[in-house]
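A.B. asks: Pasting a structure here, questions to come.
Rule-based calculations on the coordinates, nothing more; no lab input. Here the structure is a predicted model, which is why all the values come from computation and not from measurement. Quick reminder, even Gly has a Cβ in these numbers, built from the backbone with ideal geometry, and neighbours come from all protein chains shown.
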Amino acid sequence: MYSRLSNVLCGTYFIAIYGFIFLPVAVLVLYSFQDGTLPIPPFNGVTFKWYSEVFADSKLMSALANSIIVAVLSSIIACLLGFCAAYALSRYRLPGSAFQRILITAPMTVSYLIIALGLLVLFNWMGIRLSLWTVGVGHVVINLPLCFAIIYASMGDHQKNIERAARDLGANNFQVMLLITAPMLMPSILAALFLSITFSWDEFIISFLLSRFDVTLPVEIWSLLRSGLNPKTNAIGSLVFLLSVGLLIILELFVFRQRSPK
Amino acid sequence: MSVDSDHSLRKAWYFVTPAIAWTIAFFVIPFAFMVSVSLASRVGRQIVYSWDLDNYINFFSKSYLLKGLFVSLEITFLVTILSTLLAYPLAWIIAERVPKKWQRIALIMAILPFWTSYVVRSYSWLLVLSTDGVINKSLLQIGIISEPLPLSNTTTATVIGFVHFFVMLLTLTIYSNLIQLSPNYKRASADLGANAFQTFWHVILPLTLPGIMVGAFLTFVLCIGDYITPQILGGNNELTLPQIIMMQLGRRADIPTAAALSIILMGVVTVAYLSCLRWLKMERT
């Protein structure tokens, strides 16, 4: 069907672009094992020294813990608020519901820098000290529209009949939401949750501007960069990559796989 | 429809209110604050509300501020075009030439580095592009160049870092568009006598154009607002607008100017959105 020339061309392009995509990651991981003080060629041999330095670095480790706490907590709050709003707006005819939908999804259209700056001005004015809490507030702001949009989009009419059946059988509104709607929508709720966690985990600018002493991992890595090229930065970078890929595999196996047979 | 009695409607308000309240408290109000601060000015370390447009007038009268916008726009347009041109063939190859059961894994592999931390990804490119980095060392070794190329701390490095990120994003969006197309289009086109290229050019490409526009718009928005990539890879030579905004915040503690510049940045994005609206709307039909 396709000529040999086009097969060769496609194959070459495919390999070249994958090479481009993986080049920086490969270099990052390779030189995290560098037996030397600089993560640049020539490669001197394998050592795990930099990884043990990463684990011995209390600032990095507390930043890691901070990142996980902020990501998980802010994502749970965003998901909860998003789910409740999506449930109410798709199941009831509330006055001004179109406007409410626009309002909730509005932060999605604004860059993180502007959200961070706005919160910074507000917190300054109110005299609220910057901490992990203020970072968490910012992360809920960016993830709430995402969670709402994902969950709202999956609330279809076919679930309405099941909910009505549950109501006929005597369940109250709260029971319907908790025992019928939430389990039926679990794949999209989990997708929203994990996506929020990865966004919050990776977020830099809000964390940078809204934190002071306790920082998240991207901010701590950022301050490591001031010391220039360093195999230790490679090591923490590789670990972050590993963690993110792990999260992605969980997402793929437990969340998206379940939806694909439909 | 569900029973919309007054009672259950009130319950519905309970459910929707927390999200609305959060959005108003931590998005709408801060935004209003930022707009009002952009109309103030900095006197010493104090913010004085003078309610004038000085910060905006400054933007157009001080050339280094205006230049930041042009640098940002230049980089963003270049990145959007390059990324689309590189991503489309890859998405097409995955959708058309890779066997069905391998497509998902090929796609996941293509966007795997997407999930590295944003800061780490830019740092990785610094490793590759720096004067002693992999590319320069390899080229010197082979003997193609005798002096290391000045790759890092240039706008070129910023563009490379951005293109790397957005090729992955666009491959994902374009692939999902290609895969949704019914094979009947191709069959019909072939039945009517079109060759493979004609089918692609006159049928497949126009049908995926809305998807491309959505991806390109996303690229534009994310690229023009990004601070990390130009800061790590571009250095301080040609400052982009977000870099200048962060400089106002950090070194000069000038929140009013930073706020005004951010609103200008938002205005640029809005203009881009309005000019893409025609294509963005097409997707819904």
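A.B. asks: Ignoring solvent entirely, what values of log10 I(q)/I(0) come out of the Debye formula for the range B:177-285 at 0.18, 0.24 Å⁻¹ when each Cα is a single scatterer?
C.D. replies: Debye output, listed in q order: -0.91, -1.22.
A.B. asks: 222 nm [θ] for chain B, helices only, -39500 (n - 2.57) per DSSP H run of 4+, per residue, to 500? The partial results should precede the final answer.
C.D. replies: Details: 13 runs with 199 residues, N = 285.
Value at 222 nm, helices only, nearest 500: -23000 deg cm²/dmol.
A.B. asks: Here's another thing I want to ask about it. Give me the number: length gained by fully extending B:ILE111 to B:LYS67, i.e. 0.36 nm times residue separation minus the C-alpha to C-alpha distance, one decimal in nm. Spell out each step's value before the answer.
C.D. replies: Numbers: separation 44, 0.36 × 44 = 15.84 nm, distance 3.35 nm.
Contour length minus Cα-Cα distance gives 12.5 nm.
A.B. asks: Something else now. Identify all aspartates and glutamates with a Cα-Cα distance to A:LYS160 below 19 Å; exclude those on the same chain that are fewer than 8 residues away in sequence.
C.D. replies: A:ASP168, B:ASP4
A.B. asks: Something else now. If the elastic network links every pair of Cα atoms under 10 Å, which of B:ILE29, B:ILE204, B:ILE135 fluctuates the most in the Gaussian network model of chain B?
C.D. replies: Top of the fluctuation ranking is B:ILE29.
A.B. asks: Helix A:58-91: angle to the longest alpha-carbon principal axis of chain A, degrees 0 to 90, nearest 10?
C.D. replies: For helix A:58-91, the angle is close to 20 degrees.
A.B. asks: For A:LYS59, go through the lysines and keep the ones whose alpha-carbon is under 24 Å away, minus same-chain ones fewer than eight residues off.
C.D. replies: A:LYS49, A:LYS232
A.B. asks: Scan the range A:190-260 for chymotrypsin sites (Phe, Trp or Tyr not before Pro) in coil per DSSP, keeping those whose Cβ has at most 16 other Cβ atoms within 10 Å, and list them by number. Numbers along the way, then the final one.
C.D. replies: On the way: sites: A:PHE194, A:PHE199, A:TRP201, A:PHE204, A:PHE208, A:PHE213, A:TRP222, A:PHE241, A:PHE254, A:PHE256; in loops: A:PHE204, A:PHE213.
When the chymotrypsin sites (Phe, Trp or Tyr not before Pro) of the range A:190-260 are filtered for loop state and at most 16 Cβ neighbours within 10 Å, A:PHE213 remain.
A.B. asks: Mean residue ellipticity at 222 nm from the helices of chain A, using -39,500 (n - 2.57) per DSSP H segment of n ≥ 4 over the full residue count, to the nearest 500 deg cm²/dmol? Please list the in-between numbers first.
C.D. replies: Numbers: 11 runs with 178 residues, N = 262.
Rounded to the nearest 500, the figure is -22500 deg cm²/dmol.
A.B. asks: May I ask for the Rg/Rh ratio of the range A:64-259, computed from Cα atoms with Rh as the Kirkwood radius, given to two decimals? Don't skip to the end; give the middle numbers.
C.D. replies: Details: Rg = 19.3 Å, Rh = 18.4 Å.
Taking Rh as the inverse mean 1/r over Cα pairs, Rg/Rh reads 1.04.
A.B. asks: Once you place label points 7 Å from the Cα toward the Cβ at A:ALA182 and B:ARG104, how far apart are they in nm?
C.D. replies: Placing both labels 7 Å beyond Cα along the Cβ direction yields 2.8 nm.
A.B. asks: What's the local net charge at A:PHE241, with K and R +1, D and E -1, over the other residues with C-beta under 14 Å away?
C.D. replies: Within the 14 Å Cβ shell, the charges total 0.
A.B. asks: Same structure, new question: Under a point spin-label approximation (7 Å from Cα along Cα-to-Cβ), what is the A:PHE55-B:LEU149 distance to one decimal in nm?
C.D. replies: For the pair A:PHE55/B:LEU149, the computed spacing is 4.0 nm.
A.B. asks: Okay, next question. State, to one decimal in nm, how far the label point of B:ALA21 lies from the label point of A:ALA165, with both points 7 Å from Cα in the Cβ direction.
C.D. replies: Going from the B:ALA21 label point to the A:ALA165 one covers 3.6 nm.
A.B. asks: Filter the trypsin sites (Lys or Arg not before Pro) in the range A:154-255 down to the DSSP loop ones having no more than 15 other Cβ atoms within 10 Å, then list what survives.
C.D. replies: Here the trypsin sites (Lys or Arg not before Pro) that fit, given the DSSP loop and packing criteria, are A:ARG212, A:ARG226.
A.B. asks: Sticking with this structure for a sec: For a label point 7 angstrom out from the Cα of A:ASP35 toward its Cβ, which stretches of the range B:108-146 have the backbone nitrogen within less than 15 Å?
C.D. replies: Answer for this model: none.
A.B. asks: Mind checking A:105-112 for the average number of partner chain beta-carbons within 10 Å of each residue's beta-carbon?
C.D. replies: Numbers: counts 1, 4, 6, 0, 5, 8, 11, 4.
The shielding value for this peptide is 5.
A.B. asks: OK, next. When each pair of different Cα atoms in the range B:62-282 is counted once in the 1/r mean, what is the Kirkwood radius in angstroms, to one decimal?
C.D. replies: Details: mean 1/r = 0.0513 Å⁻¹.
About 19.5 Å for the range B:62-282.
A.B. asks: Let me ask another. Label 7 Å along Cα→Cβ of B:TYR185; the range B:79-119 residues with amide nitrogen under 14 Å?
C.D. replies: B:92, B:95-96
A.B. asks: What percentages make up the Cα-Cα pair-distance distribution of the protein assembly as shown when the bins are 20 Å wide from 0?
C.D. replies: Per 20 Å bin, starting at 0, the Cα pair percentages come out as 19, 52, 27, 2, 0.
A.B. asks: Per the Kirkwood treatment, what hydrodynamic radius in Å, one decimal, follows for the range B:186-236 from the mean inverse distance over all distinct Cα pairs? Provide the component values of the computation, followed by the final result.
C.D. replies: Numbers: mean 1/r = 0.0729 Å⁻¹.
Value: 13.7 Å, from the Cα pair sum.
A.B. asks: A follow-up question, please. Angle, helix A:158-168 long axis vs. longest principal axis of chain A, Cα atoms, 0 to 90°, nearest 10?
C.D. replies: Rounded to the nearest ten degrees, it is 50.
A.B. asks: Okay, next question. Tell me, in nm to one decimal, what length is gained between B:TYR14 and B:ALA253 on full extension, where the rule is 0.36 nm per residue of separation less the Cα-Cα distance?
C.D. replies: Contour length minus Cα-Cα distance gives 81.9 nm.
A.B. asks: Assuming a viscosity of 1.306 mPa s and a temperature of 10 °C, what translational diffusion coefficient in µm² per second does Stokes-Einstein assign to the range A:1-72, Rh being the Kirkwood radius over Cα pairs?
C.D. replies: Details: Rh = 15.8 Å.
For the chosen part, D equals 101 µm²/s.
A.B. asks: What full-extension length gain, to one decimal in nm, is calculated for B:PHE60 and B:VAL43 as 0.36 nm per residue of separation minus the Cα-Cα distance? Please report the intermediate quantities before stating the final value.
C.D. replies: Numbers: separation 17, 0.36 × 17 = 6.12 nm, distance 2.08 nm.
Extra length from B:PHE60 to B:VAL43 when fully extended: 4.0 nm.
A.B. asks: Of the chymotrypsin sites (Phe, Trp or Tyr not before Pro) in the range B:26-60, which ones lie in a loop per DSSP and count no more than 14 other C-beta atoms within 10 Å?
C.D. replies: Values: sites: B:PHE26, B:PHE27, B:PHE31, B:PHE33, B:TYR49, B:TRP51, B:TYR56, B:PHE59, B:PHE60; in loops: B:TYR49, B:TRP51.
Passing both the DSSP loop test and the Cβ count: B:TYR49, B:TRP51.
A.B. asks: Output the DSSP H helices from chain B with an along-axis C-alpha extent of no less than 18 Å and a mean Kyte-Doolittle hydropathy no less than -0.5. Mind dumping the intermediate values first?
C.D. replies: On the way: long enough: B:6-23 (25 Å, -0.07); B:63-96 (49 Å, 1.49); B:155-180 (37 Å, 1.43); B:205-224 (27 Å, 2.14); B:255-282 (40 Å, 1.54).
Membrane-span-like by this rule: B:6-23, B:63-96, B:155-180, B:205-224, B:255-282.
A.B. asks: Which lysines, if any, have their Cα less than 23 Å from the Cα of B:LYS100, not counting same-chain residues under 8 positions apart?
C.D. replies: B:LYS100 reaches A:LYS262, B:LYS186.
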